[in-house]
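K.L.:
A single structure is presented below for examination.
Bear in mind these aren't lab numbers, they're just calculated from the coordinates by the rules spelled out. This structure is a prediction, so every number in the text was calculated from the model and none was measured. Every residue, glycine among them, receives a Cβ derived from its backbone with ideal geometry; neighbour counts consider all protein chains shown.
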Amino acid sequence: MNENKNISSLTAPSPSERAGERLCILGAGESGVGAAYLAQQQGYDVFVSDFGAIADKYKEQLQQWNIRFEESGHTEVEILSAEEVVKSPGIPEKAPIIKKLREAGIPVISEIEFAGRYTDAKMICITGSNGKTTTTSLTYHILKNAGLNVGLAGNIGKSFAYQVATEKFDWYVLEISSFMLDDMYRFKADVAVLLNITPDHLDRYEYKLENYAASKYRITQNQTEADYFIYCADDAETIKVLAEKEVAAQQLPFSIEKQLVPGAYLDADNLIINVNKQHFQMSINELALQGKHNIYNSMASGIVAKVLELRNDTMRESMGNFRNIEHRLESVGKISGISFINDSKATNVNSTWYALESMTTDVVLILGGVDKGNDYSMLRDLVKQKVKAIVCLGKDNKRIHDAFEDEVEVIVNTNSAQEATQVAYHLASKGDTVLLSPACASFDLFKNYEDRGNQFKAAVREL
């Protein structure tokens, strides 16, 4: 777990006092390069360091802005001479350079923490093990359609820091991962949303769910009674931690199992929201996002909209015409009567459970990748009911074989998206669905989940 994680140990001079000081950015991806641009704009002496190769588009931006950078290694003397370091969320605490920064007492923060210093916009921050991107995108869609001056950032789209440097939004909807939260200290969410807590990324949390849950609850830190905390009352881990925690914000739960006022709930097939004497009702059959998990996502977004007192007609229209994001239960097409669905963004077991739960046909499931300590047992019943074959897509598939060899007759190993797609196609019959929902990270064979999903879609087009 991270050291020096209390706010007081990281109290910093005001931004104006920091101008001219040395700031190091670790990681030159979207968040790092955006932070570098904002830092330069604010007068910092900026240095960017990436242990790996920097993508051409980011390298070109850094060169265009005359920002010093290095790739394929860290120059420690440069990094350890910084007053403060902004770290990519993908860099783990166990990385040698992070350990040295901790030992030197140099503050390490996230891009969100850094950029938050330079905007007065109101923050709607959404986290959870599953549904973050969908809920963030839907919330942004509702607010934008309502005419609000709103930006979309965090773990999605253009970096928050770059938008703070180049735009002037009144509101931001931010998708926030646990890795980002780990390096956020003084930042405050005006509206915090916690969708759920299920085992994910446990390799970064000493394989302890309570450590991961504590990280997720950092979404509520610094909130006051003027702020809002929106959460799922049906999620056991969320409720367990909430019972032990003091949350200053006004609490607005949502549930499909019981009626909650204030909050959101189901009454037969109607989604009901009551917040601050604001009432909203909509048939779940009219929602653009279908499936049990998407009712939760729609409830969370709807509560945010009612907190902001948006008009019911706007909400109803936006929640009815929203189109989901790429790589999340994305229909790729139908070949010989077989449907192909790209759910590459399913990087944990719970996401794959949601995907299988929404399937109405027999499934050939493409599964596997970098296993983050997955417990596949929760998938067994759905696999037994719906999956006729499993196609493994990863370098080490032993745990998948061990988990499902008694539930599925056919389990095949493959080494590329193209091979996995072709094998799945031959195993499927007319009326079946080939579902890419890996339940694992993608870094063994792919750059990221987008690369995995794009290669799958390309392979489908070649069939």
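K.L.:
Within 10 Å, count the other beta carbons around each residue, average over each peptide in 114-124, 241-251, and list them highest first.
P.N.:
Per-residue mean Cβ counts within 10 Å order the peptides as 114-124, 241-251.
K.L.:
Taking K and R as +1 and D and E as -1, what net charge do the other residues with C-beta under 10 Å from the C-beta of Phe51 add up to?
P.N.:
Around Phe51, the charge tally is -3.
K.L.:
Count the lysine pairs in segment 41-141 whose Cα atoms sit under 21 Å apart, keeping only pairs 8 or more residues apart in sequence or on different chains.
P.N.:
Within segment 41-141, the lysine pair count is 5.
K.L.:
Shifting gears a bit: What whole-number volume per residue, in cubic angstrom, does the convex hull of the C-alpha atoms of segment 214-358 give?
P.N.:
It is 135 Å³ per residue.
K.L.:
Also, quick follow-up: Report, in cubic angstrom per residue, the convex hull volume of the C-alpha atoms of segment 157-277.
P.N.:
Looking at segment 157-277, the number lands at 148 Å³ per residue.
K.L.:
Let me ask something additional. Given R₀ = 56 Å, FRET efficiency for Glu409-Glu246 by Cβ-Cβ distance, to 0.05?
P.N.:
The pair Glu409/Glu246 has a calculated efficiency of 0.60.
K.L.:
Right, here's the next one. Place a label point 7 angstrom from the Cα of Lys395 along the Cα-to-Cβ direction, then list the residues of segment 437-456 whose backbone nitrogen is under 17 Å away.
P.N.:
440-449, 452
K.L.:
Further question: What Kirkwood hydrodynamic radius do you get for segment 315-463 when you take the inverse of the mean 1/r over all pairs of distinct Cα atoms, in Å?
P.N.:
So the Kirkwood estimate lands at 15.1 Å.
K.L.:
Something else: So how long is each side of segment 69-195 along the principal axes, counting just the alpha-carbon atoms, biggest first, in Å?
P.N.:
50, 30, 27
K.L.:
Could you work out, for segment 377-463, what percent of all Cα-Cα pairs fall into each 10 Å distance bin, beginning at 0 Å and stopping at the bin that holds the largest distance?
P.N.:
Each 10 Å bin holds this share of Cα pairs: 16, 51, 31, 2.
K.L.:
Taking Cα pairs under 8 Å and at least six residues apart, what relative contact order does segment 253-293 come out at, in percent?
P.N.:
Rounded, it is 24 percent for segment 253-293.
K.L.:
Here's another thing I want to ask about it. Can you pull the one-decimal nm distance between simple spin-label points at Asp234 and Lys430, each 7 Å off the Cα toward Cβ?
P.N.:
3.7
K.L.:
To one decimal place, what Kirkwood hydrodynamic radius in Å is obtained for segment 239-295 from all pairs of distinct Cα atoms?
P.N.:
12.6
K.L.:
State, to one decimal in nm, how far the label point of Ala226 lies from the label point of Thr166, with both points 7 Å from Cα in the Cβ direction.
P.N.:
So the two model labels end up 3.2 nm from each other.
K.L.:
Based on the Kirkwood radius over alpha-carbon pairs, what is the Stokes-Einstein translational diffusion coefficient of segment 8-151 at 10 °C with 1.306 mPa s viscosity, in µm²/s?
P.N.:
Approximately 96 µm²/s, per Stokes-Einstein.
K.L.:
Also, quick follow-up: For Gln418 paired with Tyr118, estimate the spin-label separation in nm (one decimal), with each label point 7 Å from Cα along the Cα-to-Cβ line.
P.N.:
Output for this residue pair reads 4.4 nm.
K.L.:
Over segment 296-389, with a single point scatterer placed on each C-alpha, what log10 of the ratio I(q)/I(0) does the Debye formula yield at q = 0.18, 0.21 1/Å?
P.N.:
Here the Debye-derived log intensity ratios amount to -0.94, -1.08.
K.L.:
What is the local net charge at Asp190, summed over the other residues whose Cβ is closer than 9 Å to its Cβ (Lys, Arg +1; Asp, Glu -1)?
P.N.:
+1
K.L.:
Right, next: When the Karplus curve 6.51 cos²θ - 1.76 cosθ + 1.60 is applied with θ = phi - 60°, which whole-Hz ³J(HN,Hα) does each residue of segment 136-142 get, with x for Gly and Pro?
P.N.:
So the Karplus estimates, Gly and Pro as x, are 4, 5, 5, 4, 4, 4, 5 Hz.
K.L.:
Shifting gears a bit: So what is the orientation-averaged projected area of the chain, using the convex hull of its C-alpha atoms, in nm²?
P.N.:
One quarter of the hull surface, i.e. the mean projection, equals 21.7 nm².
K.L.:
Over the chain, what is the relative contact order in percent, taking alpha-carbon pairs closer than 8 angstrom and at least six residues apart?
P.N.:
Reported relative contact order: 11 percent.
K.L.:
Karplus couplings for segment 223-240 from phi (6.51 cos²θ - 1.76 cosθ + 1.60, θ = phi - 60°), rounded to Hz, Gly and Pro as x?
P.N.:
6, 10, 5, 7, 9, 10, 10, 9, 8, 8, 6, 8, 8, 4, 5, 4, 5, 4
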